[in-house]
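Here it is, the structure, as structure tokens.
The values are calculated or read from the model by the stated rules, or taken from the named source; none is laboratory data. These figures come from a predicted structure and were not determined experimentally. Using ideal geometry, Cβ is built from the backbone for each residue, glycine included, and neighbour counts are taken over all protein chains shown.
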Amino acid sequence: MDSVKTFGLYLNMLGNVFSRPENKKVYLKRIVDEIIKLGINSLTIVSIISLFMGAVVTIQTGLQLSNPFIPKYLIGYATRESLILEFSPTMIALILAGKVGSSIASEIGTMRVSEQIDALEIMGINSAAFIIQPKIIASILFFPFLVTISMGIGMFGGFLAATLGGIISKPEFLQGLIYWFEPFYIFYALVKTVFFAFAISSISSFFGYYTKGGALAVGKSSTKSVVYSCIIILIINFILTQLMLA
């Protein structure tokens, strides 16, 4: 029963979030601010993780494909496919669920317990749309860029690991990166990312928006937002993979 009530509250919140903006200029400015806060400020952590993720995938793939009868350029091919299909969209989404999701839940939760949301509603402002809508739109718009950057940096990290570690030569790795390239996989990864972005931003906003209590409750809401966002990401990943690739 509690889960049905929670889902009903979530749908009710989304209905309020996607109502017509009262002032489009104000909303546009808030979207830009959220892109900087949630997206651009995440570039550093995404880049570092992607670099080492690509390097580790290349090293592990090189160990698995050490058979002399298997062409070495397949190491580059396997690295590219692993990053595009799974590591960059899904792993980066899980990381952003922790970084961005907890930030959103904490920010909105603090606004709730400090009665800032109540003040907005007293002034006749749709608080859900004013606070949450820019975060969801900013996430949907910018997260695909983060994942695309992650793919590129991950392949560069794999290139460094392969060449500096003496696993394969530069021409062989580059040959693997362009071998049998399927553009649809990029589309698949970006579609997943859009769904992940919506899940992270909306679920985190939900737990923050309905926070009850004091500072301790804000921390609990932040934790719940990360846990539920990660679970939903994995479920969405399974469903979209079945629908688009099976």
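Are any of the residues in the range 105-115 basic (Lys, Arg), in contact (Cβ under 8 Å) with a residue 12 or more places away in the chain and within 26 Å of Leu11 (Cβ to Cβ)?
Yes, some residue in the range 105-115 is basic (Lys, Arg), in contact (Cβ under 8 Å) with a residue 12 or more places away in the chain and within 26 Å of Leu11 (Cβ to Cβ).
Let's see how each residue does on (1) over 30 Å from Pro171 (Cα atoms); (2) modelled with pLDDT under 90:
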| residue | (1), (2) |
| --- | --- |
| Ile40 | yes, no |
| Thr58 | no, no |
| Asn67 | no, yes |
| Gly76 | no, no |
| Leu83 | no, no |
| Ala93 | yes, no |
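Mind listing whichever residues of the range 214-229 are touching a residue at least 60 places away in the same chain (Cβ under 8 Å) and either touching a Cys at 6+ places or on another chain (Cβ under 9 Å) or closer than 10 Å to Ile203 by Cβ (or both)?
Selection gives Lys224, Ser225, Val226, Ser229.
Residue-by-condition table, conditions (1) on the phi > 0 side of the Ramachandran plot; (2) under 13 Å from the mean Cα position of the chain (by Cα); (3) of a type outside the set (Asp, Glu):
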position	(1), (2), (3)
Pro89	no, yes, yes
Leu94	no, yes, yes
Val100	no, yes, yes
Asp118	no, no, no
Met123	no, no, yes
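Take the range 33-45 and flag every residue that is closer than 17 Å to Ile131 by Cα and either touching a residue at least 60 places away in the same chain (Cβ under 8 Å) or among the charged types (D, E, K, R) (or both).
Across the range 33-45, the qualifying residues are Asp33, Glu34, Ile35, Lys37, Leu38, Gly39.
Need a quick list: helices (runs of 4 or more DSSP H) entirely within the range 154-246 having at least 3 residues that are modelled with pLDDT of 95 or more and crowded, with 19+ Cβ neighbours inside 10 Å.
Of the helices (runs of 4 or more DSSP H) lying wholly inside the range 154-246, those with at least 3 residues that are modelled with pLDDT of 95 or more and crowded, with 19+ Cβ neighbours inside 10 Å span 183-209, 215-244.
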